[in-house]
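Down below is the structure, laid out as structure tokens.
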Amino acid sequence: LHGGKSQPQRTRTLAQFKTGHVTVLVATNVAARGIHVDNLDLVVNVDPPTDHKDYLHRGGRTARAGESGSVVTLVTPNQRRDMTRLMAAAGITPQTTQVRSGEEALNRITGAQTPSGIPVTITAPASDRPRRSAASSRGRRSRPAQERRRSQGMAA
């Protein structure tokens, strides 16, 4: 889900996530603003925010209506110092775990699952597909050949 999607595409994607048809929603920072999903219990920050308010905003997705949840932020070694400052500014004392790609602890923390190997195909409803009108399909076509020849003084 990103800012370049049309509103119908954004609405459809979010609806598919809310109903469980799509089990993971990947959103850019801008697109994530304003999203509301009930019973969301995990937010994974793959690209950590740089501002503590953004961090709280993203993480707040798990704490709606008195519910609780987990926020996991994946941080590279060179991002640790900045994240320590961000957490302090946000008033959070994080639980940290050092993990490497492929370790079981990483799968457990992030909720990662082994891919099933079955391709997932999600098609757009026919009503969301762009329609071309006769006027828009003409575009900037050049004048018909007969008209071009007449203007050049040639007979057809």
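Observations, loosely collected:
- Protection-proxy order for peptides 83-94, 109-120, each taking the mean of Cβ atoms within 10 Å per residue, highest first: 83-94, 109-120
- Estimated vicinal HN-Hα couplings, Hz - segment 38-51 in sequence order (Karplus 6.51, -1.76, 1.60; Gly, Pro = x): 5, 6, 7, 10, 8, 10, 10, 8, 8, 10, x, x, 9, 10
- Annotation: amide H-H contacts under 5 Å for residue 73 (H modelled 1.01 Å from N, sequence separation of 5 or more, or interchain): 45.
- Cut-off 14 Å between beta-carbons: net charge of the residues surrounding residue 99, Lys and Arg +1, Asp and Glu -1: +1
Coordinate-derived values only; no laboratory data. These numbers come from a predicted model, not from an experiment. Positions of Cβ are generated from backbone atoms using ideal geometry, with glycine treated the same way; all protein chains shown enter the neighbour counts.
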